[in-house]
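*Asks:* Take this structure first; my questions come after.
The values are calculated or read from the model by the stated rules, or taken from the named source; none is laboratory data. Everything numeric here is computed off the predicted structure, so don't read it as measured data. Don't worry about glycine lacking a Cβ; one is built from the backbone with ideal geometry, like all the others, and counts go over all protein chains shown. Side chains are part of the model used for accessible areas, which takes the heavy atoms of the whole protein and leaves out ligands, DNA and RNA. Shrake-Rupley method; radii C 1.70, N 1.55, O 1.52, S 1.80 Å.
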Amino acid sequence: MKPKHVPERMCVACRRRRPKRELLRVVLTPEGPVIDPSGKKPGRGAYVCPDQPECWAEKRLRRFAGAGAAALAQALNALLAPAPENP
Ligand SMILES: [Zn+2]
């Protein structure tokens, strides 16, 4: 039996390689960076660790998103950070 192939991707922030399904895809669109949980949007994509808050930091995303890094960091935090006002 052949070992099952697990597609791996590298997190753009921490540069760790992880199975693709453990990572969250983000895409640079002409309108700016967007989060792509479906993994199907066209455009220049990258992956970040959804479980590592340090990977959502603007300075770590700048290499990928450039001027859009701040917006992307904000979007990732809004999506992934636990909201303190919700129990
Ligand atoms: Zn990471």
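*Asks:* Only Lys, Arg, Asp and Glu count, each charged at its Cβ (+1, +1, -1, -1), so figure out the dipole size of the chain about its Cα centre, rounded to 20 debye.
*Replies:* So the magnitude is around 660 debye.
*Asks:* Checking the cross-link filter: which lysines have an alpha carbon closer than 19 Å to that of Lys20, excluding same-chain neighbours under 8 positions apart?
*Replies:* Straight-distance partners of Lys20: Lys4, Lys40, Lys41.
*Asks:* Shifting gears a bit: On a 0 to 90 degree scale, rounded to 10, what angle separates helix 69-80 from the longest Cα axis of the chain?
*Replies:* Compared with the principal axis, the helix lies near 70 degrees.
*Asks:* Okay, moving on. With every protein chain left in place, what is the accessible area per residue of the chain in square angstrom, probe 1.4 Å?
*Replies:* Ligands and nucleic acids excluded, the figure is 69 Å² per residue.
*Asks:* Using the Kirkwood radius over Cα pairs, work out the Stokes-Einstein diffusion coefficient for the chain at 20 °C and 1.002 mPa s, in µm²/s as a whole number.
*Replies:* 159 µm²/s
*Asks:* Would you mind telling me the share, in percent, of accessible area of the chain contributed by carbon and sulfur at probe 1.4 angstrom?
*Replies:* 55 percent
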